[in-house]
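K.L.:
Here it is, the structure, as structure tokens.
The values are calculated or read from the model by the stated rules, or taken from the named source; none is laboratory data. The model shown is predicted, which means the values in this text are computed figures rather than measured ones. Don't worry about glycine lacking a Cβ; one is built from the backbone with ideal geometry, like all the others, and counts go over all protein chains shown. Note: accessible area is taken over every heavy atom of the protein model, side chains too, but ligands, DNA and RNA are not part of it. Shrake-Rupley method; radii C 1.70, N 1.55, O 1.52, S 1.80 Å.
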Amino acid sequence: MAETVVDDLLITVAPTGAETAKSDCPELPTTLDELVGTAKECEAAGAGLIHVHVRDADHRPTLDLGRLRETVTALRESTSLVVQLSTGGSVHDPLEDRLRVLDAAPDSCSITLGTVNFGDDVFLNPWPFVRDLHRVARERGIAPEFELFDLGHVAALGRLLATDGLPVGDRVHCDLVMGVPGGMPGTADALVAAVAALPAAVTSWSATGIGRTAMTVAMAALAKGGHLRVGMEDTLSFAPGEPVGSNRRLVERAVALGGLVHRVPMAPHRVREALGLAVQR
Ligand code: KMH
Ligand code: ZN
């Protein structure tokens, strides 16, 4: 009888983001207590990594270093999740503030591989800035997650690795962010094209579909053997006309989808190994 093959599944939760107002979505976890509560629920449901944007006392996005450090500490005290800080911030954040995020010493950080139109705004990622983030992350042992919003970003990742070398632990993890108005569409065809173009050095990849592309992208990612990112940063509707309600529900759905193709959620210690981080903090 053939042996049953069970592969693991990295589920990243991106619970908050920087682009949704609390007033438009009161369930969005914007306070530290709400974020920690969400993180605990999502870890219990099967998430292994949390992608974090921080808000200020008025629930607005902030890159205040004190708040970032406090958030990293609180998440480490309350969960085992791999803590990834966004260096993308909001579309309005200056590059120097985004680089300074690394001073909060997260386990992981996002690095976007190029500038992209972002709805009516521009998400700015000039090449020298991308190189600075990559260099500083490696110097500090922070594992990057390369965010790829477009096929050009996939090619740019190959260029970065060729010119500037591999990240910490020689692991290259990236996330296809699909369906942003201005980036690649959230379709199975686009995902297949992007995956086919990934540099050979890539050791793991996930995908996320923004808004109504969430399910299409998740199913295409699983069909191609990828990992999943879910969360209210990317998706505010669970189904047409049905608000998400909580990040936990999205993680639970990812676990269920993965289970259909015999994938089991990766525990945080396995995520650390996969990202080339020391297992013990
Ligand atoms: N808020 C977006 C403009 C990231 O976290 O690295 C950028 C973003 C990507 O969310
Ligand atoms: Zn983000």
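K.L.:
At 0.36 nm per residue, and after removing the present C-alpha to C-alpha distance, how many nm does the segment from L166 to S23 gain when stretched out fully?
P.N.:
47.4 nm
K.L.:
Roughly what % antiparallel, to the nearest 5, for the DSSP beta bridges in region 7-274?
P.N.:
Working: 7 of 39 bridges.
Once the DSSP bridges in region 7-274 are tallied, antiparallel ones form about 20 percent.
K.L.:
Considering only protein heavy atoms, what per residue accessible area in square angstrom results for region 7-274 with a 1.4 angstrom probe?
P.N.:
Normalised by residue count, the accessible surface of region 7-274 is 39 Å².
K.L.:
Here is a further query. Distance between the C-alpha centers of region 143-194 and region 17-69? Whole Å please.
P.N.:
Computed from Cα coordinates, the inter-centre distance equals 24 Å.
K.L.:
Let's test the formula: R0 of 30 Å, r as the Cβ-Cβ distance of D58 and R212. What FRET efficiency results, to the nearest 0.05? All intermediate terms of the calculation are to be shown ahead of the outcome.
P.N.:
Values: r = 29 Å, r/R0 = 0.98.
The formula returns an efficiency of 0.55 here.
K.L.:
Moving on. Go through T203, A220, V180 and say which Cα lies farthest out towards the positive end of the charge dipole of region 7-274; charges sit on Cβ, +1 for Lys and Arg, -1 for Asp and Glu.
P.N.:
Going by the charge dipole, the pick is T203.
K.L.:
Here's another thing I want to ask about it. Work out how much length S78 to A239 would gain on full extension: take 0.36 nm times their residue separation and subtract the Cα-Cα distance, in nm to one decimal.
P.N.:
On the way: separation 161, 0.36 × 161 = 57.96 nm, distance 3.08 nm.
Once the chain is fully extended between S78 and A239, it gains 54.9 nm.
K.L.:
Using alpha carbons only, what's the Rg to Rh ratio of the chain with Rh from Kirkwood?
P.N.:
0.93
K.L.:
Can you tell me the dipole magnitude for the chain around its Cα centre, using point charges on the Cβ only (Lys, Arg +1; Asp, Glu -1), in Debye to the nearest 20?
P.N.:
540
K.L.:
Measure off 7 Å from each Cα along the Cα-to-Cβ vector at A267 and A223, then give the distance between these two points in nanometres to one decimal.
P.N.:
So the two model labels end up 3.3 nm from each other.
K.L.:
Follow-up. When the accessible area of region 7-274 is split by element with a 1.4 Å probe, what percent falls to carbon and sulfur? Can you show the working numbers first?
P.N.:
Values: 5520 of 10560 Å².
Taking all protein chains in place, region 7-274 shows 52 percent carbon and sulfur surface.
K.L.:
Right, next: Using Cα pairs closer than 8 Å and at least 6 residues apart in sequence, work out the relative contact order for the chain, in percent.
P.N.:
The normalised contact order for the chain reaches 23 percent.
K.L.:
While we're looking at this one, here's another question. Normalising by the residue count of region 54-190, find the relative contact order in percent from Cα pairs under 8 Å and 6+ residues apart.
P.N.:
Relative contact order here is 20 percent.
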